[in-house]
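*Asks:* I am attaching a structure below and will ask some questions about it afterwards.
The values are calculated or read from the model by the stated rules, or taken from the named source; none is laboratory data. This is a predicted model, so every value here is computed, not measured. Neighbour counts run over all protein chains shown; Cβ positions are idealised from the backbone, glycine included. Quick note on the areas: whole protein, heavy atoms, side chains included, nothing else; ligands and nucleic acids left out. Shrake-Rupley method; radii C 1.70, N 1.55, O 1.52, S 1.80 Å.
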Amino acid sequence: MMYDLKAVRKEFPILERTIYKKYPLVYLDNGATTQKPRQVVEAMTEEYYNVNANVHRGVHFLSQQATDLHEAARETVRRFLNARSANEILFTRGTTESINLVAQCFCQAFMQEGDEVIVSEMEHHANIVSWQLVRQRMGIRLRVIPITDEGTLDMQAYEALFNERTRIVSVTHVSNVLGTVNPVAELVRIAHAHNVPILVDAAQSVPHMAVDVQALDCDFLAFSGHKIYGPTGIGVLYGKESWLDRMPPYMGGGEMIKNVSFEHTTFNALPYKFEAGTPDYVASTGLAQALDFVTSLGMDNILAHEQELTRYAMEQMQTIEGMRIYGPHDVNIHDAVISFQVGQIHHLDMGTLLDRLGIAVRTGHHCAEPLIRRLGVEGTCRASFALYNTKDEVDALVAGIKRVQQMFQH
Ligand code: PMP
């Protein structure tokens, strides 16, 4: 064991909760959001109590201290992703806003009617609808990489989608439904071989494995703070300076300008050009604490622990009659997310009854309707793991599923 699981769980007070006054909480909805360790909440409380002041604009002591914290957080993110420069780290509200920013600003700068963007069949709605909004306005086209029956990207079909109108690729690193870990470095290599940049939706990968943007060589990468033990309302867009420099601002307001007159406005340098208005400078501190927290445990240790849990869960779940697990069964390409269905039991019934046993899972289409349709189902139940989950919790899930199944047999 690479970290002390018991001690780590103590850092998350919510894990000690009892549900319906009876059952210990078994929280397996980490793909939706993760719980927060003390160090995140305490640092944010401390900042509100003792530092709070608006950043960047003040000459006074508190404002400068708040600014230092905010910019130190940006540096923490830079280090975490191994970006070349802090200018490449933009704070947003989350993955959704990060993708929308690229869709809007990249298209405005580099795309014309009839140009194409490649996405995949396993995208979250955030990475579909953002492009569709631009499509409506600009007449661009969406091309879709199909998935195989195993739940992996069809790489041959991907290569075949490129043509002289392809301007950008936007794909997820890890599917939030199937758990599939896509071969991002290979996706990037192929895109670049066609001189096309690529955005990686890392919402479901960054919390689980080391992600190095220079090693991947991706052009943009998006993730959310709340899925990596940080606060809600903050996320990151990494973008290579060479692209961001040539893109127009996303929103107008304070902070993103150099000079303003009614006739003409000039924009601020990176990263501020994309950060209009007062940023959530307390959340950036929380995010930095969360990244420090996972770094201190070791991303490789977190990955190893979660892979072991995923492997164990798949083995145990497969002993249940009528169990169907979606996505690849090889844990080397299957991250800490397991989507399943049992016999004819509706996913909503399964989720609701598991909840009555204190087990939190997600049900439904998981904001990926095209993928759910491709799987030929109406929805699935999804258990997703985090660094603090245990084998005992997997056992509780398996026992819970069996109990629900028995209820339906009588
Ligand atoms: N992409 C993926 C793959 C996701 O799983 C999610 C969250 N479910 C998002 C994007 C959107 O993240 P957020 O709601 O934090 O913006």
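*Asks:* Restricting attention to region 142-220, which chymotrypsin sites (Phe, Trp or Tyr not before Pro) occupy a DSSP loop and are surrounded by at most 15 other Cβ atoms within 10 Å?
*Replies:* Passing both the DSSP loop test and the Cβ count: no residue.
*Asks:* Let me ask something additional. So in the chain, what percent of DSSP beta bridges are antiparallel if you round to the nearest 5?
*Replies:* 60 percent
*Asks:* Relative contact order (percent) for the chain, with alpha-carbon contacts under 8 angstrom and 6 or more residues of separation?
*Replies:* Normalised by residue count, the contact order of the chain is 22 percent.
*Asks:* Taking all protein chains as present, what is the carbon and sulfur share of the accessible area of region 103-258, in % to the nearest whole number, probe 1.4 Å?
*Replies:* 47 percent
*Asks:* Angle between the Cα long axis of helix 299-317 and the longest principal axis of the chain, 0 to 90 degrees, nearest 10?
*Replies:* 30 degrees
*Asks:* Fully extended, how many nm does the chain gain between E159 and A185 (0.36 nm per residue separation, minus their Cα-Cα distance)?
*Replies:* Stretched out fully, the E159 to A185 stretch lengthens by 8.0 nm.
*Asks:* Calculate, in nm to one decimal, what L25 and T278 gain on full extension: separation in residues at 0.36 nm each, minus their alpha carbon distance.
*Replies:* The L25-T278 span can extend by a further 87.4 nm.
*Asks:* Per residue, how much accessible surface does the chain expose to a 1.4 Å probe? Answer in Å², no decimals.
*Replies:* 42 Å²
*Asks:* Taking a temperature of 10 °C and a viscosity of 1.306 mPa s, what whole-number D in µm²/s does Stokes-Einstein yield for region 87-246 with Rh from Kirkwood over alpha carbon pairs?
*Replies:* This corresponds to a translational diffusion coefficient of 102 µm²/s.
*Asks:* Using only the alpha-carbon atoms of region 324-383, report the extent along each of the three principal axes, biggest first, to the nearest angstrom.
*Replies:* Over region 324-383, Cα extents along the principal axes are 32, 24, 22 Å.
*Asks:* Further, regarding this structure: Over region 255-375, what is the mean sequence separation of C-alpha contacts under 8 Å (at least six apart), divided by residue count, expressed as relative contact order in percent?
*Replies:* 13 percent
*Asks:* To continue, here is another question. Among Y281, Y312, F110, whose Cα lies farthest out toward the positive end of the dipole of the chain, if unit charges sit on the beta carbon of Lys, Arg (+1) and Asp, Glu (-1)?
*Replies:* The listed residue farthest towards the positive side: Y281.
*Asks:* Rounded to whole Å and ordered largest first, report the semi-axes of the equivalent ellipsoid of region 214-257 derived from its Cα gyration tensor (root of 5λ).
*Replies:* Each semi-axis is the square root of five times an eigenvalue, giving 21, 19, 6 Å.
*Asks:* Taking loop as defined by DSSP and a crowding limit of 15 other beta carbons within 10 Å, which GluC sites (Glu not before Pro) in region 203-272 fit?
*Replies:* Those satisfying the criteria are E263.
*Asks:* Keeping all protein chains in position, work out how much accessible area S98 exposes to a 1.4 Å probe, and write it in Å² to the nearest 10.
*Replies:* So the heavy atoms of S98 present about 0 Å² to solvent.
*Asks:* I'd like the accessible area for E306: 1.4 Å probe, protein heavy atoms, all chains in place, Å² to the nearest 10.
*Replies:* 0 Å²
*Asks:* Which value, in Å³ per residue, describes the convex hull spanned by the Cα atoms of region 306-410?
*Replies:* 96 Å³
*Asks:* Evaluate the Kirkwood expression for the hydrodynamic radius of region 28-165, namely the inverse of the mean inverse distance over all pairs of different C-alpha atoms, and round to one decimal in Å.
*Replies:* Answer for region 28-165: a Kirkwood hydrodynamic radius of 18.7 Å.
*Asks:* Would you work out which of N52, L371, L237 lies farthest towards the positive end of the dipole of the chain, given +1 charges on the beta-carbon of Lys and Arg and -1 on that of Asp and Glu, about the Cα centre?
*Replies:* It is N52, whose Cα lies furthest towards the positive end.
*Asks:* At a 1.4 Å probe radius, which order do D280, D245 fall into by accessible area, largest first?
*Replies:* D245, D280
*Asks:* With +1 assigned to the C-beta of every Lys and Arg and -1 to the C-beta of every Asp and Glu, and no other charges, what is the dipole magnitude of the chain about the Cα centre in debye, to the nearest 20?
*Replies:* It works out to roughly 740 debye.
*Asks:* Using Stokes-Einstein with the Kirkwood hydrodynamic radius over Cα pairs, what translational diffusion coefficient do you get for the chain at 4 °C and a viscosity of 1.567 mPa s, in µm²/s rounded to a whole number?
*Replies:* Estimated via Stokes-Einstein, D reaches 58 µm²/s.
*Asks:* Please compute the Cα-Cα pair-distance distribution of region 266-321 with 10 Å bins starting at 0, giving whole percents from short to long.
*Replies:* Bin by bin from 0 Å, the calculated values are 19, 23, 21, 20, 12, 4, 0.
*Asks:* Per residue, how much space in cubic angstrom lies within the convex hull of the C-alpha atoms of region 197-291?
*Replies:* 102 Å³
*Asks:* Separation between the Q344 and A215 pseudo-spin-labels, each 7 Å from Cα along Cα→Cβ, expressed in nm?
*Replies:* In this crude spin-label approximation the distance works out to 4.9 nm.
*Asks:* Hey, another quick one. Compare F223, F262 by solvent-accessible area with a 1.4 Å probe and give them largest first, with all protein chains kept in place.
*Replies:* F262, F223
*Asks:* What translational diffusion coefficient, in µm²/s and rounded to a whole number, does the Stokes-Einstein relation yield for region 66-128 at 20 °C and a viscosity of 1.002 mPa s, taking the hydrodynamic radius as the Kirkwood radius over Cα pairs?
*Replies:* 153 µm²/s
*Asks:* So how much slack lies between V41 and T18, counting 0.36 nm per residue of separation and subtracting their Cα-Cα distance, in nm?
*Replies:* That pair, V41 and T18, stretches by 6.2 nm at full extension.
*Asks:* Which residues in region 238-269 place their backbone N less than 19 Å from a point set 7 Å from the Cα of R79 along the Cα-to-Cβ direction?
*Replies:* 238
*Asks:* With no solvent and one equal point scatterer per Cα, compute the Debye intensity ratio I(q)/I(0) for region 1-75 at 0.16, 0.18, 0.21 Å⁻¹ and report its log10, rounded to two decimals.
*Replies:* Log10 of I(q)/I(0), two decimals: -0.77, -0.85, -0.96.
*Asks:* May I pose another question? At 1.4 Å probe size, with no ligands or nucleic acids counted, give the accessible surface of T18 in Å², nearest ten.
*Replies:* Surface accessible to solvent at T18 totals approximately 70 Å².
*Asks:* A further question on this structure: Heavy atoms only, probe 1.4 angstrom, no DNA, RNA or ligands counted: give me W131, W243 ranked by accessible area, highest first.
*Replies:* W243, W131
*Asks:* Turning to a different aspect of this structure: What does the helix-only formula give at 222 nm for the chain: each DSSP H stretch with n ≥ 4 adding -39500 (n - 2.57), the total divided by the residues, and the result rounded to the nearest 500 deg cm²/dmol?
*Replies:* So the calculated ellipticity at 222 nm is -12500 deg cm²/dmol.
*Asks:* Which percent of the Cα-Cα distances in region 166-250 go past 22 Å?
*Replies:* Considering region 166-250, 26 percent of its Cα-Cα pairs are separated by more than 22 Å.
*Asks:* Please give, to one decimal in nm, the separation of the simple spin-label points placed at N259 and D395, each 7 Å out from Cα toward the Cβ.
*Replies:* Each label point lies 7 Å from its Cα, and together they span 7.1 nm.
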